[in-house]
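Asker: One structure, pasted below without further comment.
Please treat every number below as a calculation from the coordinates, not as lab data. These numbers were taken from a predicted model, which means no experiment stands behind them. FYI the Cβ positions are ideal-geometry reconstructions off the backbone, even for glycines, and counts take in every protein chain you see.
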Amino acid sequence: MSPQVLEQSAAIATPEATEFNRDAFDAAVMTTYGRFPLAVERGEGCRLWDTDGKGYLDFVAGIATCTLGHAHPVMTEAVTTQINKLHHVSNLYYIPEQGELAKWITANSCADRAFFCNSGAEANEGAIKLARKYGHTVLNAEDPVILTAKASFHGRTLATITATGQPKYQKNFSPLVPGFEYIPYNDIGATEAKIQELNANGPRVAAILLEALQGEGGVRPGNQGYFQRLRELCDEHKILLMMDEVQVGVGRTGKIWGYENLGIEPDVFTSAKGLGGGVPIGALMCKGSCEVVRPGDHASTYGGNPFVCGGAASVCKTVEQPDFLANVRDRGEQLRAGLAEAIAPYGDNFIEVRGWGLINGVELSAHIEATSIEIVKAAMDKGLLLVPAGPKVVRFVPPLIVTAEEIDEALQVFSGAIAQVLG
Ligand SMILES: *Cc1c(COP(=O)(O)O)cnc(C)c1O
């Protein structure tokens, strides 16, 4: 860490460290996660402090979720004001904050309507239900099918692990949900062939659900040509084009929505992570032409409550400020250029640096032994938090408020980490 950063950390470090007992935690909490040995106590901006008072530069941001970093004054003010006024009432009644957020999303996207729930998986569940109903009622298909991509990620509920085109998430959880078929990402020939095959005896393909950039699958950006041709195919066959914007939506790519990077408009899209900046929210958006849901079709007790909508609105209002997205694009370019420089001395140990805006990945060669997790651990020891995207890709998803100095600092630590692992 640079002397200046050390000084900053010391200035706002917690005076006394909180007692944290890892064994007691592990004894009481279900073992669904392989956690890093770090207990986080406090955050501010792009920095976190653990229970021993050690500071970290956070390039994970709660997995692309803390859009405004930690303890951002605008967000703190919004959620504090809201919780003092009204936090939950249920969708039995009109919730003005929900209407405001929906208005912002529809004014700033291709969608006409929004539905709110609590997570990315839940938003995708809503999209899947909408696609099924569209298949039954518009296409008159008896057993509608949804196409998703190999190496995709759509969540951890039963339907969304089925939608996720990665066997490791499905293992031991069969029987899976019927009605899903898989296509290779960015492959128009294979997509066309699959539609032809499934629609041979009448329309069955109700929707194609894809990420604009595959996040968990290894930070793989969608191809413009592919998505533009796919848009035509979907129109031709009356298939809904549905985009999972859970990881890339709300400014992460330097544009508000990931699909804007592809020059297309989806019929349906979902959002979560970055939308709430850390308050739990999910959202399903659609164009008016495919809003087939009716009262009673779908619901959520917490969905769109005043507390989360107030928090999410403060994120959206900040993201729309002039220069906010320009900073995301500039910092992204700075990061990619610096990463390319950092890996250059290692020749074919690395495949490439790729990404959009502030979602970026560095891919290690398959033929070397080192894995992304080793690099993540080395960086963590040196005070930088990163997250793997599969065994060979290290992912960089800092808060969108990250500064040029923080990018430089992260690059310095990353260089040290790869020198340690590969040197
Ligand atoms: C994280 C993620 C999800 C799941 O979101 P949860 O809030 O964890 O349910 C779905 N799709 C994508 C693309 C994601 O990155």
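Asker: Starting from the alpha-carbon convex hull of the stretch 106-185, give the projected area averaged over all orientations, in nm².
Answerer: Working: hull surface 25.7 nm².
The directionally averaged projection comes out at 6.4 nm².
Asker: If you don't mind, there's one more thing I want to ask. Per residue of the stretch 389-406, in order, report the coupling 6.51 cos²θ - 1.76 cosθ + 1.60 (Karplus, θ = phi - 60°) as ³J(HN,Hα) in whole Hz, putting x for Gly and Pro.
Answerer: Residue by residue, the stretch 389-406 yields 10, x, x, 10, 10, 9, 9, 10, 10, x, x, 6, 8, 4, 9, 4, 5, 5 Hz.
Asker: Give the relative contact order (percent, whole number) for the chain; include only Cα pairs under 8 Å separated by 6+ residues. Display every interim value, and only then the final one.
Answerer: Working: 840 pairs, mean separation 90.8, N = 423.
Rounded, it is 21 percent for the chain.
Asker: Please find the FRET efficiency linking ASP408 to GLU77, where r is the Cβ-Cβ separation and R0 is fixed at 35 Å, and quote it to the nearest 0.05. Please report the intermediate quantities before stating the final value.
Answerer: On the way: r = 30 Å, r/R0 = 0.86.
Efficiency for this residue pair is about 0.70.
Asker: With the cut-off at 36 Å, report for the chain the share of all Cα pairs above it, as a whole percent.
Answerer: On the way: 23875 of 89253 pairs.
Summing the P(r) of the chain above 36 Å gives 27 percent of all pairs.
Asker: A further question on this structure: In whole Hz, with x marking every Gly and Pro, tabulate ³J(HN,Hα) for the stretch 307-319 from phi via Karplus 6.51 cos²θ - 1.76 cosθ + 1.60, θ = phi - 60°.
Answerer: Per residue, the Karplus-derived 3J(HN,Hα) values read 4, 5, 5, x, x, 5, 4, 5, 5, 4, 5, 6, 4 Hz.
Asker: Oh, and also: Would you tally the net charge around TRP104, using a Cβ to Cβ cut-off of less than 9 Å, leaving TRP104 out, and scoring K and R as +1, D and E as -1?
Answerer: Charge balance near TRP104 sits at 0.
Asker: Quick check: net charge around ARG204, other residues with Cβ under 9 Å of its Cβ, Lys/Arg +1 and Asp/Glu -1?
Answerer: Details: positive: none; negative: GLU142, ASP143.
After counting each charged neighbour, the total is -2.
Asker: Here's a follow-up. If you keep only loop residues by DSSP, which GluC sites (Glu not before Pro) in the stretch 117-166 have at most 12 other Cβ atoms within 10 Å of their Cβ? Mind showing how you got there, number by number?
Answerer: Numbers: sites: GLU122, GLU125, GLU142; in loops: GLU142.
Listed in order of number, the matching sites are GLU142.
Asker: Okay, moving on. I need the phi-derived Karplus couplings for the stretch 250-261: 6.51 cos²θ - 1.76 cosθ + 1.60, θ = phi - 60°, integer Hz, Gly and Pro marked x.
Answerer: Per-residue couplings from phi come out as 6, x, 3, 8, x, 10, 4, 10, x, 4, 5, 6 Hz.
Asker: Could you work out which residue, out of VAL79, VAL387, VAL177, moves most in a Gaussian network model of the chain, that is, has the largest mean-square fluctuation with Cα springs under 10 Å?
Answerer: VAL177
Asker: Here's another thing I want to ask about it. Rounding to the nearest 10 and keeping the result within 0 to 90°, find how far the Cα-based axis of helix 96-107 lies from the longest principal axis of the chain.
Answerer: 80 degrees
Asker: A further question on this structure: Which of LYS273/LYS317; LYS129/LYS273; LYS171/LYS238; LYS168/LYS382; LYS103/LYS255; LYS129/LYS392 have a Cα-Cα distance over 23 Å?
Answerer: On the way: LYS273/LYS317 16 Å; LYS129/LYS273 21 Å; LYS171/LYS238 33 Å; LYS168/LYS382 31 Å; LYS103/LYS255 18 Å; LYS129/LYS392 34 Å.
Over 23 Å Cα-Cα: LYS171/LYS238; LYS168/LYS382; LYS129/LYS392.
Asker: Enumerate by residue number the GluC sites (Glu not before Pro) in the stretch 18-67 meeting two conditions: DSSP loop (anything except H, G, I, E, B), and at most 10 other Cβ atoms within 10 Å of the site's Cβ. Let's see the in-between values first.
Answerer: Numbers: sites: GLU19, GLU41, GLU44; in loops: GLU19.
Passing sites in the stretch 18-67 are GLU19.
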